[in-house]
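Reviewing the structure listed below.
Any read-out appearing in this document is the output of simple, stated calculations on the displayed coordinates, not a laboratory observation. The structure displayed is predicted, hence computed values, not measured ones. Using ideal geometry, Cβ is built from the backbone for each residue, glycine included, and neighbour counts are taken over all protein chains shown.
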Amino acid sequence: MSNIAEKIAFTPERFAKAQEIIARYPEGKQKSALLPLLHLAQEQYGWVSEEVMDYVASLLNILPIEVYEVATFYTMFHLEPVGNHVIEYCRTGPCCLMGGEDVYAHLKQKLGIDTGETTPDGKFTLKEVECLAACGWGPVFQIREKYYMNLTNQKVDEIIEELSK
Amino acid sequence: MAVKILTEHINEPGINTFEVYRKKGGYTAVEKALKKMTPEEIVEEVKKSGVRGRGGAGFPMGMKWSFLAKPEGVPRYLVCNADESEPGTFKDHYLMREIPHLLIEGMIVSSYALGANKSFIYVRGELMYVVKILEKAIEEAKAAGFLGKNILGSGYDLELVVQPGGGAYICGEETALLESLEGKRGNPRNKPPFPAVKGLYQSPTVVNNVESISNTPWIINNGGEAYAALGIGRSTGTKLISASGHINKPGVYEIPLGISVEDFIYADEWCGGIRPGHHLKAVVAGGSSVPILPANLILNLANGDKRLMTYESLSDGGFATGTMLGSGGFIVMDETTCIVRNTWTFARFYHHESCGQCSPCREGTGWMDKVLERIENGKGNMRDIDLLVDVAKKIEGNTICPLGDAAAWPVAAAIRHFRDEFEWHVTHPHEATKPGAVYPGAMELV
């Protein structure tokens with residue numbers, strides 16, 4: 001989690017990446033880089049604070065409100081601090097058919113938290129999300145870029161234990 | 001074996017690399033297109049193929065291409081819709097993950113046909129790992145001279161950009177996708193003007209689905225007529241079906257359009273039947289937004305003939321006894337499925353995903369979610385069932401984009417075909433709210 005006093009800025013590598021992204025779009029259409037840059041910022045800070053949004057706005061030379069209205073529209077951006085591992089669990093029909101609700105109940109019990117909460121040690125945050133386009137491999141959840149598929153109670157235990165190390 | 005247009009080489013080790021893809025005949029369509037064909041000739045072949053938009057709407061792709069405005073001095077854009085988010089659908093995810101160069105090759109020939117020099121692939125943000133797979137494929141294609149300036153010495157330039165979304169089903173609607181690509185909230189635009197006239201950055205734009213674009217290399221190599229010879233009637237070619245739910249072999253299958261629904265569910269080549277000891281109760285054939293059908297109606301038309309996996313046969317009988325092929329998200333349910341609960345998860349999905357721009361959808365999806373939750377939890381009354389039908393009717397056709405219809409149809413269809421189950425939840429709340437409870441009344445199973 002970021003310290004409020006810390007100056008918000010991309011690491012040199014991410015700054016270079018951001019410049020490369022901004023250059024992809026036609027002249028004058030740099031606002032198109034907004035979603036990619038928000039992803040880059042979240043990758044660095046774990047979540048997207050107001051200060052981070054202001055920083056992204058300054059890079060794109062747009063108003064902060066133009067970033068706020070976008071960051072709040074899309075579900076992938078965490079607008080509050082989160083744990084090290086954000087588990088995004090699919091709750092839509094096809095995963096439910098494959099026993100997704102029972103596995104989710106097990107996961108909540110295993111972590112000792114409910115949807116939207118973070119474990120006291122700051123390791124895990126649990127979120128429910130809608131369809132992840134992996135219905136034939138359900139139940140499914142995602143942590144950052146990785147998909148965990150065909151989940152069972154046992155598999156969930158193994159994943160959590162592995163990530164707790 | 002049926003002809004495979006998209007997946008013939010998908011299990012080949014290393015097919016995700018340029019080298020293996022090329023060895024298997026990849027990028028020959030780019031060579032043929034750029035060296036031997038004019039853009040107009042390609043559009044003509046795609047028209048002849050009869051291929052229809054594979055994202056769900058089923059609009060003829062060649063016709064969509066021919067609407068593209070071509071004013072002098074204005075750039076034109078091709079945008080690939082890889083925002084696959086319709087519950088039950090995961091075919092584009094599979095295709096891009098396993099054989100990314102097929103889409104890249106399709107993007108090159110399609111961009112050339114449309115006269116676009118910068119094209120975009122908009123991938124749902126959750127699939128960031130697929131974004132990276134595509135970016136690697138683009139780098140490889142560029143290194144081999146199939147992208148960039150003066151491709152294969154033809155004088156044609158093309159740059160491909162992969163754009164991640166941010167998590168929003170609505171961005172699968174093409175004008176919402178364009179808004180999102182411009183760095184805005186994904187609110188669908190009023191039409192007209194259509195994207196073909198004013199699309200990305202107010203320039204003429206074509207938006208096509210991943211699977212649609214991935215068909216174009218084959219069409220160029222083999223001709224539009226060869227493509228049209230596959231399938232039945234206006235359902236030409238093959239279709240990727242995402243099969244999920246209570247079947248023995250969930251997965252993505254490339255089927256020749258025209259096999260029977262029964263074969264698709266029970267044949268070993270496809271879904272391999274219902275899981276052992278269970279029976280077919282219902283199917284959602286084309287992604288969560290299309291009407292659910294009970295076993296007898298998905299297998300057979302109202303006149304008793306076998307229903308086929310085609311656009312026409314699946315919609316035979318209208319919404320009274322039919323459904324739609326949609327995106328090909330084929331969700332199979334056995335007798336352990338509570339239709340009320342399943343309908344509620346769909347309604348909750350649409351409530352969550354409504355962009356909030358049009359009040360019938362914003363308010364209506366919320367009402368349907370709440371009322372269904374109430375019925376599912378044994379707190380509903382008989383009037384609630386009619387209320388759901390009424391709300392669905394008031395959303396349908398009254399919104400800027402089709403999300404409203406997509407939200408209304410599954411609720412209306414579930415009540416149309418399974419009204420007894422909703423009533424049972426009202427009359428037997430104690431039994432209906434037990435974990436895993438399913439309506440015990442007479443059900444037609446297969």
* Structure fact -> Sequence order, the stretch B:27-42: Karplus ³J(HN,Hα) from phi using 6.51 cos²θ - 1.76 cosθ + 1.60, θ = phi - 60°, Hz rounded, Gly and Pro as x, gives 6, 5, 5, 5, 4, 5, 4, 6, 8, 10, 10, 8, x, 4, 5, 5
* Structure fact -> Between B:S260 and residues 5 or more places away or on another chain, the pairs with built amide H atoms under 5 Å apart involve B:M309
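Express the relative contact order of the stretch B:18-228 as a whole percentage, based on alpha carbon pairs under 8 Å and six or more residues apart in sequence. Don't skip to the answer; put the middle values down first.
Numbers: 396 pairs, mean separation 67.5, N = 211.
It rounds to 32 percent for the stretch B:18-228.
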* **Rounded tilt (10° steps) of A:153-164 against the dominant C-alpha axis of chain A** => 40
* Using the Karplus curve 6.51 cos²θ - 1.76 cosθ + 1.60 with θ = phi - 60°, work out ³J(HN,Hα) for each residue of the stretch A:31-45 in order, rounded to whole Hz, and write x for Gly and Pro. => 4, 4, 7, 4, 4, x, 5, 5, 4, 4, 5, 5, 4, 7, 9
* Compute the relative contact order of chain A as a whole-number percentage, counting only Cα pairs closer than 8 Å that sit 6 or more residues apart in sequence. => 18
* Per-residue ellipticity at 222 nm for chain B, helices alone: DSSP H runs ≥ 4 residues times -39500 (n - 2.57), over residue total, nearest 500 deg cm²/dmol? -> -12500 deg cm²/dmol
* Can you give me the relative contact order of chain B as a percent, contacts being Cα pairs under 8 Å and 6 or more apart? -> 16
* **Among beta bridges that DSSP assigns inside chain B, antiparallel share in %, nearest 5** => 50
* 5 angstrom amide H check on A:E128, placed H, neighbours 5+ away -> A:Y89, A:G116
* Other-chain or far-sequence residues with amide H under 5 Å of A:N150's (modelled H) -> A:G138
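Give the residue list of GluC sites (Glu not before Pro) in the stretch B:1-105 that are DSSP loop and have at most 12 other beta-carbon atoms within 10 angstrom. Write out the running numbers ahead of the final one.
Numbers: sites: B:E8, B:E19, B:E31, B:E40, B:E41, B:E44, B:E45, B:E72, B:E84, B:E98, B:E105; in loops: B:E8, B:E72, B:E84.
Loop-located and lightly packed - B:E72.
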* Each residue of the stretch B:246-254 in order: what ³J(HN,Hα) in whole Hz does its phi give by Karplus 6.51 cos²θ - 1.76 cosθ + 1.60, θ = phi - 60°, with x for Gly and Pro? -> 7, 10, 6, 10, x, x, 9, 10, 9
* To do: With a ≥ b ≥ c taken as the square roots of the eigenvalues of the C-alpha gyration tensor of the protein assembly as shown, please select rounded if a/c is under 1.5 and otherwise prolate if a/b is larger than b/c or oblate if it is not?
  => oblate
* Cα shape, the stretch B:280-395, gyration tensor, a/c 1.5 rule -> prolate
* Structure fact -> With DSSP loop assignment and no more than 12 other C-beta atoms within 10 Å, the GluC sites (Glu not before Pro) in the stretch A:20-79 are A:E27
* Asked: Which of the pairs B:K4/B:K24; B:K23/B:K136; A:K31/A:K127 have their Cα atoms more than 20 Å apart in this structure?
  -> A:K31/A:K127
* **Loop sites in the stretch B:117-174: trypsin sites (Lys or Arg not before Pro), DSSP, at most 15 other Cβ within 10 Å** => B:K149
* Structure fact -> What helix-only [θ] at 222 nm does chain A give? Using -39500 (n - 2.57) per DSSP H run of at least 4, over all residues, to the nearest 500, the answer is -12500 deg cm²/dmol
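When a/c is below 1.5 the answer is rounded, else prolate if a/b is larger than b/c, else oblate, so apply that to the stretch B:18-228 with a ≥ b ≥ c taken from the square roots of the Cα gyration tensor eigenvalues.
On the way: a/c = 1.41, a/b = 1.18, b/c = 1.19.
It comes out rounded by the Cα gyration axes.
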* Structure fact -> Summed over the other residues with a beta carbon less than 14 angstrom from that of B:V43, with K and R at +1 and D and E at -1, the charge totals +1
* Asked: Tell me, how many Å apart are the Cα centres for the stretch A:62-107 and for the stretch B:283-315?
  -> 33
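Using 0.36 nm times the number of residues separating A:T152 and A:D114, minus their current alpha carbon distance, what extension gain do you get?
On the way: separation 38, 0.36 × 38 = 13.68 nm, distance 1.86 nm.
Here the segment from A:T152 to A:D114 would lengthen by 11.8 nm.
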